[in-house]
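Trainee: Before we start, here is the structure in question, set down as structure tokens.
Computed from the coordinates by the stated procedures, all read-outs in this text should not be read as laboratory data. Bear in mind that the values here come from a model prediction, so they are computed numbers and not experimental data. So basically every Cβ, Gly included, is an ideal-geometry build from the backbone, and we count neighbours across all protein chains shown.
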Amino acid sequence: MRAHHDPKEAAHGGRLTVDLGAIAENWRRLGARAPGIPCAAVVKADAYGCGLGPVASALWTAGCRTFFVAHLGEGIAARAVLPEAAIYVLNGLCPGSAAACREHALRPVLGSEEELREWAGFAHGAHPAALHVDTGMNRLGLSVEEGLAFAGHAVIREAGIDLLMSHLVSAERPDEAVNARQLADFARLREGFPGVPASLANSSGVFLGAGAHHDLLRPGYALFGGNPTPGRENPMRSVVRLEAPILQVRTVEAGTSVGYNGLWTAPGRRRLATLSLGYADGYPRSASNRGRALVGGVSCPILGLISMDLVILDVTDAPEAARGVPATLIGDDLGVDAVGRAAGTIGYEVLTSLGSRYVRDYIG
Ligand SMILES: *Cc1c(COP(=O)(O)O)cnc(C)c1O
């Protein structure tokens, strides 16, 4: 068992290890689901909390050539590490952002007639962009009918449209009827734009079969180890490991309550361990009294309310628990999906909340 005796380690609480080799392997695995179809990478929100710079470089080295971010600022940051990649900005053309998009060779994902016309007037066909058509989210994008109304229209060429896009509502629930409706609507839309490549599949969409694949896969979550097939075995390699050292171990008697507001009371004699990690690090406070951590491979419940900088564990069944021993909060049998469930949220939010307070290690 590795203990935290290195003074540099002791200066911090949680340690986040991001396996870049696993991200590259997940990208290859997703691509292998659709032979011959290129696989892009969605790296919005600081690459789902894993760190845009190292993640984007690793994916480029693995062969990924197309990237998606949400904001213009994320696109500018991505451009700095990806001088030659195609980078699309999902949130589109915010007012006043066209010049910056062009300067950094970013491709806005145009989601309204206003955006389409603005970019066409600005780009004169010389700067590519994507056209986003809404097939069910009712969030961003033209309706299918609005999109078809532009079929063969000069504005499509002037706006440099080189990708048609839509986004799936419930791809992680393959039995939902909305999937078939969206696939059919997207196929109908494509007919109006012969020769323009199209992209529909997010992580779970990749697993919906060939009808969802089109010309470019667009996964995010699964690259980072999230399960794109909930309820079935996770086909992805785990990417993120979060550990924090035990600061103290104590034994308490029945009736002793712990933490703020004494929310948990010992039903008998218990051994408790206090970890150097809390909600200020990015670990969800909503996992209070519900989440778990592994100590020497033993699953230990989180007790009471999670504090800003500390978490209390029941280590009665974990004989290896001792001062300086690391507990695992994400990793091994505790994947991001399980942590999300314990916190009443989804693994996506667990990843994108990964804090800047953790010492970060990149491996692979
Ligand atoms: C976030 C996002 C994706 C990636 O979705 P995952 O479920 O993380 O794979 C793809 N397309 C759009 C438009 C998105 O917003």
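Trainee: Toward the positive end of the charge dipole of segment 20-224, about the Cα centre and with charges on Cβ (Lys, Arg +1; Asp, Glu -1), which of ALA105, ALA210, ILE156 goes farthest?
Mentor: ALA210
Trainee: Just want the ordering: CYS94, CYS300, from fewest to most Cβ atoms lying within 10 Å of their own Cβ.
Mentor: Lowest count first: CYS94, CYS300.
Trainee: Right, next: Quick one: if you take sqrt(5λ) for each eigenvalue of the C-alpha gyration tensor of segment 20-224, what semi-axes come out, biggest first, whole angstrom?
Mentor: Semi-axes from the Cα gyration tensor: 24, 22, 14 Å.
Trainee: Of GLY21, VAL55, THR352, which is farthest towards the positive pole of the chain's charge dipole, taken about the Cα centre with +1 and -1 on the beta-carbons of Lys, Arg and Asp, Glu respectively?
Mentor: Highest projection toward the positive end goes to GLY21.
Trainee: Still on this structure: On a C-alpha basis, how far is the centre of segment 337-364 from the centre of segment 294-320 in Å? Whole number, if you could?
Mentor: That distance is 17 Å.
Trainee: Using amide H atoms built 1.01 Å from N in the peptide plane, name the residues 5+ places from SER299, or on other chains, whose amide H lies under 5 Å from its own.
Mentor: Result for SER299 returns nothing.
Trainee: How big is the charge dipole of segment 158-274 about its Cα centre, in debye rounded to the nearest 20, if each Lys and Arg gets +1 on its Cβ and each Asp and Glu gets -1 on its Cβ?
Mentor: In total the dipole reaches around 780 debye.
Trainee: Can you give me the angle between helix 20-32 and the longest principal axis of the chain, using Cα atoms only, in degrees from 0 to 90, rounded to the nearest 10?
Mentor: 50 degrees
Trainee: Quick one: compute a quarter of the convex hull surface over the Cα atoms of the chain and quote it in nm².
Mentor: 19.5 nm²
Trainee: Rounding to the nearest 20 debye, state how big the charge dipole of the chain is about its Cα centre with +1 on each Lys and Arg Cβ and -1 on each Asp and Glu Cβ.
Mentor: In total the dipole reaches around 780 debye.
Trainee: Can you put GLU25, GLU176 in order of Cβ neighbours within 10 angstrom, beginning with the fewest?
Mentor: GLU176, GLU25
Trainee: List the trypsin sites (Lys or Arg not before Pro) within segment 210-273 that fall in a DSSP loop (any state other than H, G, I, E or B) and whose Cβ has at most 14 other Cβ atoms within 10 Å.
Mentor: For trypsin sites (Lys or Arg not before Pro) across segment 210-273 that sit outside H, G, I, E and B with at most 14 neighbouring Cβ atoms in 10 Å, the list reads ARG232, ARG269.
Trainee: Report the charge-dipole magnitude of segment 20-224 in Debye, nearest 20, computed about the Cα centre from +1 at each Lys and Arg Cβ and -1 at each Asp and Glu Cβ.
Mentor: Using Cβ point charges on Lys, Arg, Asp and Glu, segment 20-224 gives about 500 debye.
Trainee: Quick query: amide H of LEU168 versus all other amide H atoms, modeled in the peptide plane; which residues come in under 5 Å with a sequence gap of 5 or more or a different chain?
Mentor: ASN202
Trainee: Does anyone have the angle between helix 177-191 and the longest principal axis of the chain? Alpha-carbon axes, 0 to 90°, nearest 10?
Mentor: 30 degrees
Trainee: Related question: Could you list which residues have their amide H under 5 Å from that of SER288, counting only those 5 or more apart in sequence or on another chain, with H placed in the peptide plane?
Mentor: Distant-sequence amide H within range of SER288: ILE306.
Trainee: Roughly what angle does helix 52-62 make with the longest principal axis of the chain, taking Cα atoms, 0 to 90 degrees, to the nearest 10?
Mentor: 70 degrees
Trainee: Classify segment 218-305 from the C-alpha gyration tensor, please: rounded if a/c falls under 1.5, else prolate or oblate depending on whether a/b exceeds b/c.
Mentor: Since a/c reaches 1.5 and a/b is larger than b/c, the shape of segment 218-305 is classed as prolate.
Trainee: Among ILE161, ILE306, which comes first, second and so on when ranked by fewest other beta-carbon atoms within 10 Å?
Mentor: ILE161, ILE306
Trainee: Rank ALA47, ALA120, ALA266 by mean-square fluctuation in a GNM of the chain with C-alpha springs under 10 angstrom and give only the top-ranked residue.
Mentor: ALA266
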